[in-house]
Every structure is written in C-alpha cells, then in structure tokens.
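**Student:** Before we start, here is the structure in question, set down as structure tokens.
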Amino acid sequence: MRTDIPINHPRFISLQTRAQLVEGFQSGLVSSEGLIAHGRGEAFDYLLGEKTSEFSVSAIEAACCCLLSATHPVISVNGNFAALCSSEIVLLSNLIPARIEINLFHRSAERERLINQELENKGAKNCLGSFSTKSDIIPGLSSNRRIVHSDGIYTADVIMVSLEDGDRTQALVEMGKKVIALDLNPISRTARTANITVVDNVIRAMPIMINVVNKLKQEKNIEYMQDTAYHFDNKKNLTNSFKLMLQGLERQTISI
Ligand code: PTJ
C-alpha cells in the first residue's frame, strides 16, 4: 500500500492498483510487458466507468457455475494476476476446488518460483507449473505457454485464464476445453474465443466470484449450474459490454 496516494484522491483505487503492479514488477512477479498490458486494461476499464456491469455479473455467475460443475477445473495464473489477486486466487481455488497452474508468456524459472512463493504465502499448496516434473505440449501453439502440466491444464476440462494473449485460448478451445476469460477488452481475441468472458477488472471480478461461488454452493444444485453454464450466450455478453463502453464514450462526448 503506497502512502503517498491520498485516500480521498478521486483515482485512489486505480493509482493503488498501479502501485501494486509496480511493486510486483520490482519484486520480480510481473514482467515489464505486464505493466504495458495493465495500461491497455486501464483504458478499457475507464470506458466501463470502472464498475462491474450487470452483464459481467451474469458472466461471473455463468463462470462460477461452469467451474463448480467441472470435473477438473484449473485456474491459470500469470505475473499480473498473481500481483493483483494472489489471496483471491487461493481462496477461489480452495472453494471450488480447482488446481492452480502458473503459466507464463514471458517465462523464466525465477519468476515462476517467485509467483509460486507468493501464492504459497497466501496459503496455496501444490501449485502446478513448468517447474513440476510432468509436462505436456498444447498442440498448435508456439509460445512458452504451450508447456503445461500433464495433471493440470493439459487434462483440465475447464480453465480460467486472465490477462491472456489470444493464441492459447484458441488452442485450448480447439482441444475441446471450456475456457473462462477475465478480460477488460471485449474485442480481444481471447474475449471472443473463450466460452465465457467476464469483461471486468480482475480486482473487482475476483471478490465477486468468491461470493457467488459461496452462494451457489449453498443454494443451487448441479443441474442448475450445468444449465446456466451451458446456456450462457457469450456473443450477446460481449456485444452488450462493448455497447456499454460506446455509451460511456457518447456520454463523455456530450458533456465536453
Ligand atoms: O506474466 P506473463 O509473462 O504471462 O505476461 C502476461 C502478459 C500480460 C504480459 C501477456 O499475457 C500479454 O501480453 O497480454 P496482452 O496480450 O497484453 O493481453 C492482456 C489483456 O488483459 C488485454 O486485453 C487487457 O485489456 C486485459 N487486462 C489488462 N489489465 C487487466 C485486464 N483484464 C482484466 N483485469 C485487468 N486488471
């Protein structure tokens, strides 16, 4: 927590989040490219009014239903996600339960080790990654993300990804897996290729997911969850999220 950002600053949360990423970069969790990727996300979040939309709440419900009704769900973690949401990742993975796999685009053994340590500090046990002994290759993918754990992403039926480049989502869908994406950009390849896309900032979406999973586990049965996940219309969700951003832009233009 940076103390030089006044708590009453109108952009307090956004500035603290930036500081969290910079700290993550300085401590070796986040790649330098990750800082740039966050800037792109910020621009989309600005257009969203930095609020979780009603469409994203529905997408979150479908995503939670999909994770809870999966036989082998995996949460894929990269540098930015770990720096922003490590406690929530561990909490969500315990609640579902789902395995955590560290899978990096700009891979280095040291960064993987640090991310694993960060997650373990928050209570994670047995995170998977390319440091583990059993690995497989995602067919048709040439980036470092192709190397995945045999008992994790490779054999998972549902995989949740965040801040992702589009190639892996495409390759995972081609393998017959269901992909849930957390992505502020509703027109990214990841967003359009995933089965369920939560167009929201991970810092807002993850705490909501934890609440929704808790509620679903208490109140709903497996048929409800399978049905909700199956009938989710991602095209409609992305169109609505994009329209919301356009409306936000129009409001800005009118008020200039
Ligand atoms: O840690 P590594 O090596 O795996 O690196 C990961 C990065 C983020 C560098 C890599 O995956 C990358 O280059 O991602 P892209 O292609 O820039 O895509 C990132 C997507 O995440 C963009 O569509 C952004 O709009 C979106 N995004 C950025 N910040 C957030 C976000 N989505 C949700 N919450 C955010 N806070």
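The values are calculated or read from the model by the stated rules, or taken from the named source; none is laboratory data. Quick caveat, the model's predicted, so the values are computed rather than measured. With ideal geometry, Cβ positions are generated from the backbone for all residues, glycine too; neighbour counts draw on all protein chains shown. Quick note on the areas: whole protein, heavy atoms, side chains included, nothing else; ligands and nucleic acids left out. Shrake-Rupley method; radii C 1.70, N 1.55, O 1.52, S 1.80 Å.
**Student:** Which of the residues that make up segment 94-124 are in contact with a helix residue (DSSP H, G or I) (Cβ under 9 Å, 6 or more places away or on another chain) and over 18 Å from residue 29 (Cα atoms)?
**Tutor:** Within segment 94-124, 95, 96, 98, 99 meet the criteria.
**Student:** Being more than 30 Å from residue 109 (Cα to Cα) and either within 16 Å of the ligand (Cβ to nearest atom) or open to solvent by less than 70 Å² (accessible area, probe 1.4 Å) (or both): is that true of residue 63 here? Can you show your working first?
**Tutor:** Values: more than 30 Å from residue 109 (Cα to Cα): yes; either within 16 Å of the ligand (Cβ to nearest atom) or open to solvent by less than 70 Å² (accessible area, probe 1.4 Å) (or both): yes.
Yes, satisfied.
**Student:** Name the helices (runs of 4 or more DSSP H) wholly inside segment 1-97 in which the number of residues that are in contact with a Phe, Trp or Tyr (Cβ under 8 Å, 6 or more places away or on another chain) is 1 or more.
**Tutor:** Working: elements: 12-26, 32-47, 54-68, 79-95.
In segment 1-97, 32-47, 54-68, 79-95 are the helices (runs of 4 or more DSSP H) which contain 1 or more residues that are in contact with a Phe, Trp or Tyr (Cβ under 8 Å, 6 or more places away or on another chain).
**Student:** While we're on this one: Restricting to segment 20-58, give me the number of residues that are modelled with pLDDT under 95, small (Gly, Ala, Ser) and more than 10 Å from the ligand (Cβ to nearest atom).
**Tutor:** So the answer is 1.
**Student:** If I filter segment 141-179 down to residues being within 16 Å of the ligand (Cβ to nearest atom) and part of a loop (DSSP other than H, G, I, E, B), which single residue comes out as surrounded by the fewest Cβ atoms within 10 Å (Cβ to Cβ)?
**Tutor:** 142
**Student:** From the set of residues in segment 185-194 that are in contact with a Leu (Cβ under 7 Å, 6 or more places away or on another chain) and open to solvent by less than 50 Å² (accessible area, probe 1.4 Å), which is farthest from the ligand (Cβ to nearest atom)? If you could, list the steps in order and put the result at the bottom.
**Tutor:** Kept after step one, since they are in contact with a Leu (Cβ under 7 Å, 6 or more places away or on another chain), are these residues of segment 185-194: 186, 191-192.
From what's left, open to solvent by less than 50 Å² (accessible area, probe 1.4 Å): 186, 191.
Working: 186: 9, 191: 7 Å.
Checked segment 185-194; the qualifying residue farthest from the ligand (Cβ to nearest atom) is 186.
**Student:** Going residue by residue through segment 213-224, is there one that turns out to be part of a helix (DSSP H, G or I), buried (at least 16 other Cβ atoms within 10 Å of the Cβ) and not aromatic (Phe, Trp, Tyr)? Walk me through how you get there before you give the answer.
**Tutor:** Step one: list which residues in segment 213-224 are part of a helix (DSSP H, G or I), which gives 213-219, 222-224.
Pick out the ones that are also buried (at least 16 other Cβ atoms within 10 Å of the Cβ) and you get 213, 216.
From the residues that got through so far, the ones that are not aromatic (Phe, Trp, Tyr) too are 213, 216.
Taking every residue of segment 213-224 in turn, at least one turns out to be part of a helix (DSSP H, G or I), buried (at least 16 other Cβ atoms within 10 Å of the Cβ) and not aromatic (Phe, Trp, Tyr).
**Student:** Please verify whether residue 181 is within 25 Å of residue 87 (Cβ to Cβ), in contact with a strand residue (DSSP E or B) (Cβ under 8 Å, 6 or more places away or on another chain) and among the small types (Gly, Ala, Ser), treating the condition exactly as stated. Lay out the reasoning, then the answer.
**Tutor:** On the way: within 25 Å of residue 87 (Cβ to Cβ): yes; in contact with a strand residue (DSSP E or B) (Cβ under 8 Å, 6 or more places away or on another chain): yes; among the small types (Gly, Ala, Ser): yes.
Taking the combined requirement at face value, the residue satisfies it.
**Student:** While we're here: Residue 196 passes all but one of (1) closer than 11 Å to residue 64 by Cα; (2) under 11 Å from the mean Cα position of the chain (by Cα); which number fails?
**Tutor:** Answer for residue 196: the failing condition is (2).
**Student:** Restricting attention to segment 97-114, which residues are more than 15 Å from the chain's Cα centre (by Cα) and either more than 8 Å from the ligand (Cβ to nearest atom) or open to solvent by 30 Å² or more (accessible area, probe 1.4 Å) (or both)?
**Tutor:** Just the residues of segment 97-114 that are more than 15 Å from the chain's Cα centre (by Cα), to begin with: 97, 106-114.
If the condition is that a residue be more than 15 Å from the chain's Cα centre (by Cα) and either more than 8 Å from the ligand (Cβ to nearest atom) or open to solvent by 30 Å² or more (accessible area, probe 1.4 Å) (or both), then 97, 106, 107, 108, 109, 110, 112, 113, 114 are the ones that fit.
**Student:** Can you tell me which residue is nearest to residue 165 (Cα to Cα) among those in segment 195-208 that are open to solvent by 10 Å² or more (accessible area, probe 1.4 Å) and more than 9 Å from the ligand (Cβ to nearest atom)?
**Tutor:** Among those that are open to solvent by 10 Å² or more (accessible area, probe 1.4 Å) and more than 9 Å from the ligand (Cβ to nearest atom), it is 195.
**Student:** Filter segment 115-140 down to residues that are surrounded by 18 or more Cβ atoms within 10 Å (Cβ to Cβ) and within 25 Å of residue 16 (Cα to Cα), then give me how many there are.
**Tutor:** The number of residues fulfilling the criteria is 5.
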